[in-house]
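Scroll down for the structure; my scribbles are underneath it.
What follows draws every value from the coordinates through simple rules; no lab data is involved. Quick caveat: nothing in here was measured; it's all calculated off a predicted structure. Here the Cβ is made from the backbone with ideal geometry for all residues, glycine too, and neighbour counts use every protein chain on show.
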Amino acid sequence: MLIHPDFDPVAFSLGPLHVRWYGLMYLLGFVAGWALGRYRANRPGSGWTAAQVDDLVFYIALGVILGGRVGYVLFYGFGNFLRDPLALLRVWEGGMSFHGGFLGVLLAMALFARKHQKQFWPTIDFIAPLITPGLFFGRIGNFINGELWGRVTDVPWGMVFRQTGDGLPRHPSQLYQAALEGVALFLILWLFSAKPRPTMAVSGVFALSYGVFRFLVEFVRQPDPQLGYLAFGWLTMGQLLSLPLIAVGVILLRLAYRRRASETPARRRVGFNQDSGR
């Protein structure tokens, strides 16, 4: 049995300014995504410039932060929102949702693509691998804060989180999610997108893989106390929100490769350069 380290939520202070680990993890995620985007943009024939990547990361940050906050309030605290709509603005109270951030990024990318006269789906294909470092660092931030812990377990690596107040060993589900949504998903997407793929294929792999990973981890993650189990006595909100994501991933892959199969060989070679979004 392991004991969760008693981290100070404040990483460091600069006079009256206190920099928290969770905010620092978000910053690291954006910086890592920016660096990966710059690397991909520098490849010959990428179709991207360094300045476009800089602007892209700014739009992603807006989508993640605004969408993540709105999604959390609507998906996980809608009743409280109806009683107190201003809770949406109190970001210092915490609460972010991946699924909300995902929708926020899609909207932000639609605006970005329009501004830079790029096609929407190739843009989404380009950013898909860049998002995974943010998922990794975000889950590490959850672990440092001792939040979003797992269910009670008897596995040797079960961890006691002081924040639960019950002294029972639990799955360190934040680390499971960091490994799956951050490391494994990055490797899958980075290697898959290293070669030209038909438009929507990389996006489809992202949606399908994340949806499956999140659905599985929810079996060992403690449900949100204000919601509990929502369907059949075992499905959580995270799982219900992941099911449409899995379906979207399957549909995107089907559309991508159906169109790929219908193209002539000559057009297919041209399409590769256009579809890669790089």
- Val202 fails exactly one of (1) over 18 Å from Ser97 (Cα atoms); (2) over 16 Å from the mean Cα position of the chain (by Cα), namely (2)
- Check on Ile127, in contact (Cβ under 8 Å) with a residue 40 or more places away in the chain, of a type in the set (Val, Ile, Thr), crowded, with 23+ Cβ neighbours inside 10 Å and touching a helix residue (DSSP H, G or I) at 6+ places or on another chain (Cβ under 7 Å): yes
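Kindly evaluate Ser173 against the criterion of being farther than 21 Å from Tyr22 by Cβ and surrounded by 15 or more Cβ atoms within 10 Å (Cβ to Cβ). I'd like the intermediate steps shown before the answer.
On the way: farther than 21 Å from Tyr22 by Cβ: no; surrounded by 15 or more Cβ atoms within 10 Å (Cβ to Cβ): yes.
No.
Out of everything in the stretch 149-159 that is among the aliphatic types (A, V, I, L, M) and surrounded by fewer than 16 Cβ atoms within 10 Å (Cβ to Cβ), what residue ends up being nearest to Pro223 (Cα to Cα)? Spell out the reasoning first.
The initial filter retains those residues of the stretch 149-159 that are among the aliphatic types (A, V, I, L, M), namely 152, 155, 159.
In the following step, the residues that additionally are surrounded by fewer than 16 Cβ atoms within 10 Å (Cβ to Cβ) were identified as 152, 155.
Details: Val152: 12, Val155: 19 Å.
Per the criteria, the residue is Val152.
Part of a helix (DSSP H, G or I), small (Gly, Ala, Ser) and without any contact (Cβ under 8 Å) to a residue 24 or more places away in the chain: is that true of Ala61 in this structure? Break it down into steps so the answer makes sense when it comes.
On the way: part of a helix (DSSP H, G or I): yes; small (Gly, Ala, Ser): yes; without any contact (Cβ under 8 Å) to a residue 24 or more places away in the chain: no.
Against the criterion (part of a helix (DSSP H, G or I), small (Gly, Ala, Ser) and without any contact (Cβ under 8 Å) to a residue 24 or more places away in the chain), Ala61 does not qualify.
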- In this structure, does Ser46 turn out to be over 30 Å from Gln226 (Cα atoms), outside any helix (DSSP H, G or I), of a type outside the set (A, V, I, L, M) and in contact (Cβ under 8 Å) with a residue 60 or more places away in the chain? yes
- Residues of the stretch 127-177 being among the small types (Gly, Ala, Ser) and closer than 26 Å to Leu107 by Cβ, in sequence order, are Ala128, Gly134, Gly138, Gly141
- Message: Need the failing condition index for Trp121 against (1) within 30 Å of Thr49 (Cβ to Cβ); (2) free of Cβ contacts under 8 Å to residues at least 24 places away in the same chain; (3) surrounded by 15 or more Cβ atoms within 10 Å (Cβ to Cβ), just the number.
- Response: (2)
- Message: If I ask for residues that are assigned to a helix (DSSP H, G or I), surrounded by 15 or more Cβ atoms within 10 Å (Cβ to Cβ) and not hydrophobic (A, V, I, L, M, F, W, C), which ones from the stretch 216-253 would you list?
- Response: Gly238, Gln239, Ser242, Gly249
- Query: Just checking, how many residues over the stretch 220-247 are in contact (Cβ under 8 Å) with a residue 60 or more places away in the chain and of a type in the set (A, V, I, L, M, F, W, C)?
  - Reply: 5
- Number of the condition not met by Gln117 [criteria: (1) on the phi > 0 side of the Ramachandran plot; (2) within 19 Å of the chain's Cα centre (by Cα)]: (2)
